[in-house]
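All remarks here apply to the structure that follows.
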Amino acid sequence: NPCHNEMLVLTALLAVSPNTKASVDLLAAAEPFAKNWQRCVGSGHMLLGTRADWQSQLALAVNELGFGAIRGHGLLDDDMGVLPAKGRLEFYNVDQVFDAVHALRLRPVVELSFTPAALVACGKAGEQPCDYAFGGSGAYKGLAMPPDSFAEWEGLVASVAEHLVGRYGLDAVSEWHFEVWNELWGVPFPEPYMRLYNASARGLKSVSPRLRVGGPATM
């Protein structure tokens, strides 16, 4: 995951023994410094993107750091309000986030996560327990579990893609990356993850074969 590489490198460096020695050849030919952060950064919780302070800080970061892509968790969580009930779609919060991102000419990595409550029977008497992403902490309101119906998930993904293409244009959205889920949380590989992936891919490609899809890692 390119968005996480720098953190992994930092963690590895901190884990090195204090007795480790390193040598540097100051006479060696210089090589260009790879600015990996300019490929993609992580934004955390998608709902944060609806905030004016988040959007102003994003603009400042883009101007000073020059990154070209951004990725966040929980686009389909209930706090984003995309599917408050079956058959009812609302894109107000989605538009708030992607209008700001698109205005800065960033290419979003659209993480298709997590499952809205309308697509999973859980938590009530006789039903399976609900498993919320991050244990429900940090205000995440999406389920880290597969939908009861992959056909309904496919329809949801298609509706989201159709809305994004209609709002920002196919030429722009075809340059974005759609990522199916986040790191297999609650959805084991190969099954049911591959069913989730295939349903997502069908939904996206039904809107346009030009839409890019991958996962569960980024780009």
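The values are calculated or read from the model by the stated rules, or taken from the named source; none is laboratory data. As the structure is a computational prediction, the values presented were derived from the model and not from experiment. We place every Cβ from the backbone using ideal geometry, glycine too, and count neighbours over all the protein chains shown. Ligands, DNA and RNA are excluded from the accessible area calculation, which covers all protein heavy atoms including side chains. Shrake-Rupley method; radii C 1.70, N 1.55, O 1.52, S 1.80 Å.
General remarks:
- Unit charges at the beta carbon, dipole of segment 69-219: most positive-side option, VAL187, VAL213, ALA118: VAL213
- Between ARG212 and GLU162, the FRET efficiency from the beta-carbon distance, with R0 = 22 Å, is close to 0.90.
- Accessible carbon and sulfur surface of the chain relative to its total accessible area, %, 1.4 Å: 57 percent
- Taken about its Cα centre, segment 123-182 carries a charge dipole of roughly 260 debye when the Cβ of each Lys and Arg holds +1 and the Cβ of each Asp and Glu holds -1.
- Accessible surface computed residue by residue for segment 103-219, with neighbouring protein chains in place and a 1.4 Å probe, gives 45 Å² per residue.
- Normalised by 2.2 N^0.38 Å, where N is the number of residues, the alpha-carbon radius of gyration of the chain equals 1.14.
- Among the GluC sites (Glu not before Pro) in segment 32-131, those placed in a DSSP loop whose Cβ has at most 15 other Cβ atoms within 10 Å are GLU90, GLU127.
- Looking at segment 33-133, the chymotrypsin sites (Phe, Trp or Tyr not before Pro) that sit in a DSSP loop and have at most 15 other Cβ atoms within 10 Å of their own Cβ are PHE33.
- The magnitude of the dipole of the chain, with charges of +1 and -1 set on the Cβ of Lys/Arg and Asp/Glu and taken from the Cα centre, is near 260 debye.
- Calculated mean residue ellipticity, 222 nm, the chain: -10500 deg cm²/dmol, from DSSP H runs (n ≥ 4) at -39500 (n - 2.57) each, averaged per residue and rounded to 500.
- Here is the list for segment 99-203: trypsin sites (Lys or Arg not before Pro) lying in DSSP coil, each with at most 11 other C-beta atoms within 10 angstrom of its C-beta, are ARG105, LYS124.
- For peptides 156-163, 187-194, sequence by mean Cβ density within 10 Å, most packed first: 156-163, 187-194
- The distance from the alpha carbon centre of segment 12-86 to that of segment 198-219 is 23 Å, rounded to a whole number.
- Computed about the Cα centre, the dipole magnitude for segment 135-219 is approximately 120 debye when only Lys and Arg (+1) and Asp and Glu (-1) carry charge, each at its Cβ.
- Along the axis of the charge dipole computed for the chain (Cβ charges of +1 for Lys and Arg, -1 for Asp and Glu, origin at the Cα centre), the listed residues TYR197, MET80, SER149 are led at the positive end by TYR197.
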